[in-house]
Each structure stands twice: as C-alpha cells, then as structure tokens.
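Here is the structure we will look at.
FYI, it's all coordinate maths here, none of it is from the lab. It should be emphasised that the depicted structure is a prediction, and the values quoted were computed from it without experimental measurement. Glycine also receives a Cβ, built like all others from the backbone with ideal geometry; neighbour counts cover every protein chain displayed.
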C-alpha cells in the first residue's frame, strides 16, 4: 500500500516530530557539547597564554626601568667618585706644592740669615783686626803705647768715616 | 510491463509512476490509524548516519594537536554557530543545535535520493512537521517576550480590521515553508524521473537494447535538481526559521535594555 504523492499523514508527522527531537538531542549531546567544550577550553588556554605574555611583558618593562635607573645611578656615582677623587688629588697636590714651596722658602730664609750672620761676624772680626792693626801701627808710628781702649773709639770713628764695608 | 531478456536493472526506467511513500505497517491507537511509512524508516537511516558521523568526528577531542576529524567537527560547529549568530544575533545562540538539526536532516534526507531511495524531504508530512515546529517556536517566542495578552493583541495590529489577514499570514508562514521545500525536492525528483523515463524511451527508439542515453546525461541535470536544490532548500528552510524566530522577539537594543 502506498500513500498519495501529496498527502498529510498523521503517523509520519508524529514519527517525524519524535525523530526531529531525538536528532536534536543527539546532535546537542554528541556534537555540540563536546566541540563547544573543547573550543571554550582552547579559548581559555589562549586567554591564559595571552595573559601570561602580558604579565611577562609588564615584568620585563619593570625590570628594564629598574635597570635603567640603576645604571643611571651607577653612572652618576662613578662620575661623583671620579670628581671627588680628582678634587682630592688636586687638593693633595696643591698641599704638596704649597708645602714644598714653604719648605724651600724656609730653607732660603735660613740660608740668608746664616749668610747675614756670617757676614756680620766677619765684619766685626775685620773691625777688631783693623783696630788692633791700627793700634799697632800707631804704636810703631808714635813710638809709645797707646791705650787700646782709648783709641778703639778713635779707630771706629775712622772706619765709619771711611765708609761702610761694602 | 516491458518483457525482455535483459535483467531488470539494465532495462532502464520503463514505467513512470508518481506515488507517495509505502506504508510499511500501520496500527490503531485510540481509534486513530498510525502509519509507519517508508519515510520514517529512511529518517532512521539518515539519523543513524548523522549521529554516527557526529560520534565519529568528535572521538578523542583534544585542545592541542587536533586531528583532521576534529578540525571538520569544529569547522562545522563554528560555521553553523556563526550563521546563527549573524542571522539571529548573539542572544539567540541557544537555537544553534536545533538549526543544525533541521539543516542536517534536510540535507541528508534529500541526498539519500542519490542512493536510489525516496528522498525523506519529498514527503510533505515531514516538511509540515518541521514547519509546524518553526511555527511553535515563533509562537513560543512571541508569548515569551510579549505574554499571552501581547501575543493575542498582536493579531489586531496595526488596526483590528487586519485580524483575518494577520491570522492568515500566521498560518501562511509554516504552510509556505513546507510547500516550498516539498515542491522543490519532490518536483526535482519527478523531473529526474521524467528524464530517466524519456531517455530510456529515446534509447529504445534508437533500437538500443540497453538504454545507453541514461548514462551520464542525467548526472549533469542531477547536479542541479538533486545536489544544488537540496542544499538550497535546506539553507532556505533554516534561514526562514531563524529570521521568523528572531523577528518574533524584540529588537536587539530593546532586549539588552530590558536585561
């Protein structure tokens, strides 16, 4: 027995509806649920990876900033050290030079004073020798003894009048 | 009718009959005659194929290092999900499995004719069932968003005089959907039957024992009447279902402001 080509059959409608529902639940359960689960898991994994990458980038940036700062500070410190060392060395060398100059001046002064003393001693020696010699000469010329003390004054006056020893 | 020495499958299409599906068995429940027809058996085969394919494709799913099978399954699910999302909007995504069900059922139910069976979709009752399901979903959506009062009031809009026309258009929606799908597939199968019959007759006129003309020529026409038409009708049916259901709800901005 065959139905008409264009027929509406209650049995076919009922069975078709049941079949449609069965296929709906089957597809939902066997195809959509597992695939969607996998897709969302993959999405979660991708999100996690992206988040990790973002975190790593943030950390790297922070580290870079830190290193840049440290480097700048280290440069600053080394420059400061160099400056202070230069300053110290300059100071030290100035001190040494000043010390040497002072010492040299001291030695020069000492020598000058020594020389002056020597000169004065030689002068007074010469003066006494000349006065003695003059007394002797005068004794010889006068023929008598001249009181040395009386005549020492005369001789000094003579020498002064002749002029200072150059 | 043709009595020849050739075995039946070499005789070609010697008779042309346009009939409905065979009734395999029928039983009576509450005084109603319930037929179990050829169509229902073919539906079971189609369902077995679809479910079997789903299970096969989704076996051993992995997040990484996916197999070719899994790629196909994912592409299918994503394609239908995107189609529903683009046509209906994101808030209707729960309809995706139903739309996929109708699409697969329609495609496989039509393509089964390529194996020599009657197409499931050349039975009007099947299309009527699917169209009624669409109608139920449309009505359910209207009641869900507008309430029963809002739904009933919708028939008298924009003016009460429109009531008969509105009722008619409400009935016309599933009727037109079912008839369009049925007409295309059943019409295609009739045309293909005519072509086989005609080419067999032509071969006999040329005194060819074996109807050689039926080799090759129908295949080209079958590309349109079976393959293209089957995909087209399945696509049109789900597109209409999606559009009607999403139109039954409020517009997107209203829904989001209400939520």
Original post:
Roughly how tilted is helix A:148-162, in degrees to the nearest 10 and between 0 and 90, from the longest Cα axis of chain A?
Top reply: 60
Original post:
Going out from 0 in 20 Å bins, what whole percent of all Cα-Cα distances in the protein assembly as shown drops into each bin?
Top reply: 16, 29, 15, 7, 6, 5, 6, 7, 7, 2, 0
Original post:
Any idea what angle helix B:163-205 forms with the longest principal axis of chain B, computed on alpha-carbon atoms, 0 to 90 degrees, nearest 10?
Top reply: 20
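Quote to one decimal, in nm, the extra length available between residue A:119 and residue A:86 on full extension: 0.36 nm per residue of separation minus the C-alpha distance between them. Kindly include the intermediate steps, with their values, before the conclusion.
Details: separation 33, 0.36 × 33 = 11.88 nm, distance 4.83 nm.
Going from the current span to full extension adds 7.0 nm.
Would you mind classifying region B:28-251 by shape? Square roots of the alpha carbon gyration tensor eigenvalues, ordered a ≥ b ≥ c; an a/c under 1.5 is rounded, otherwise it is prolate if a/b is larger than b/c and oblate if not. Could the numbers behind the result be given before it?
Numbers: a/c = 2.16, a/b = 1.37, b/c = 1.57.
It comes out oblate by the Cα gyration axes.
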Subject >> residue B:137/residue B:49 FRET efficiency (R0 22 Å; Cβ-Cβ; nearest 0.05) >> reply: 0.30
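Relative contact order for region B:125-258: what percent, with Cα pairs under 8 Å and sequence separation of 6 or more?
Numbers: 86 pairs, mean separation 42.6, N = 134.
Relative contact order, region B:125-258: 32 percent.
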Subject >> Pairwise label distance in nanometres, residue B:67 with residue B:202, each label 7 Å out on the Cα-Cβ vector >> reply: 4.7
Original post:
Helix B:124-153 versus the longest principal axis of chain B: what is the Cα-based angle in degrees, 0 to 90, to the nearest 10?
Top reply: 10
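Determine the shape class of region A:23-162: with a ≥ b ≥ c the square roots of the Cα gyration tensor eigenvalues, call it rounded for a/c under 1.5, and otherwise prolate if a/b is greater than b/c, oblate otherwise.
On the way: a/c = 20.32, a/b = 16.32, b/c = 1.25.
Prolate is the answer for region A:23-162, as a/c is 1.5 or above and a/b outweighs b/c.
What order do you get for A:108, A:27, B:132 when you list them from fewest to most C-beta neighbours inside 10 Å? Could you put the intermediate results ahead of the total?
Numbers: A:108 10, A:27 24, B:132 17.
Ranking A:108, A:27, B:132 by Cβ neighbours within 10 Å, fewest first, gives A:108, B:132, A:27.
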Original post:
If you count, for every residue in A:127-136, the Cβ atoms of partner chains within 10 Å of its Cβ, what is the mean?
Top reply: 0
**OP:** Just tell me how shielded A:35-42 is by partners: mean number of partner chain Cβ atoms within 10 Å of each residue's Cβ, no decimals.
**Re:** 6
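With contacts defined as alpha carbon pairs under 8 Å and 6 or more residues apart, what's the relative contact order of chain B in percent?
Working: 246 pairs, mean separation 63.3, N = 259.
This gives 24 percent for chain B.
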Original post:
Ranked by Cβ crowding within 10 angstrom, fewest neighbours first, how are B:135, A:5 ordered?
Top reply: A:5, B:135
Original post:
So if R0 is 51 Å, what FRET efficiency would residue B:231 and residue A:68 give, r being the distance between their Cβ atoms, rounded to the nearest 0.05?
Top reply: 0.20
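Relative to the present Cα-Cα distance, how much length would full extension add between residue B:210 and residue B:180 at 0.36 nm per residue of separation? Write down the numbers at each step before the final one.
On the way: separation 30, 0.36 × 30 = 10.80 nm, distance 3.67 nm.
The span from residue B:210 to residue B:180 would gain 7.1 nm if fully extended.
Using the beta-carbon distance between residue B:115 and residue A:54 and R0 = 51 Å, what value does 1/(1 + (r/R0)^6) give for FRET efficiency, to the nearest 0.05? The partial results should precede the final answer.
Working: r = 54 Å, r/R0 = 1.06.
After rounding, the FRET efficiency stands at 0.40.
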Subject >> Virtual spin-label span in nm between residue A:75 and residue A:93, 7 Å along Cα→Cβ >> reply: 2.7
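Is region B:40-103 best put as rounded, prolate or oblate by its Cα gyration tensor, with a ≥ b ≥ c the root eigenvalues, rounded for a/c under 1.5, and otherwise prolate when a/b is larger than b/c, oblate when not? Present the calculation step by step, with values, prior to reporting the outcome.
Numbers: a/c = 2.90, a/b = 1.04, b/c = 2.78.
Oblate.
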Original post:
What nm distance separates the two modelled labels at residue A:45 and residue B:220, each placed 7 Å from Cα along Cα→Cβ?
Top reply: 5.0
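Quickly estimate the mean residue ellipticity at 222 nm for the protein assembly as shown, helices only: each DSSP H run with n ≥ 4 gives -39500 (n - 2.57), and the total goes over all residues, rounded to 500.
Numbers: 11 runs with 306 residues, N = 425.
After summing the helix terms and dividing by the residues of the protein assembly as shown, the value is -26000 deg cm²/dmol.
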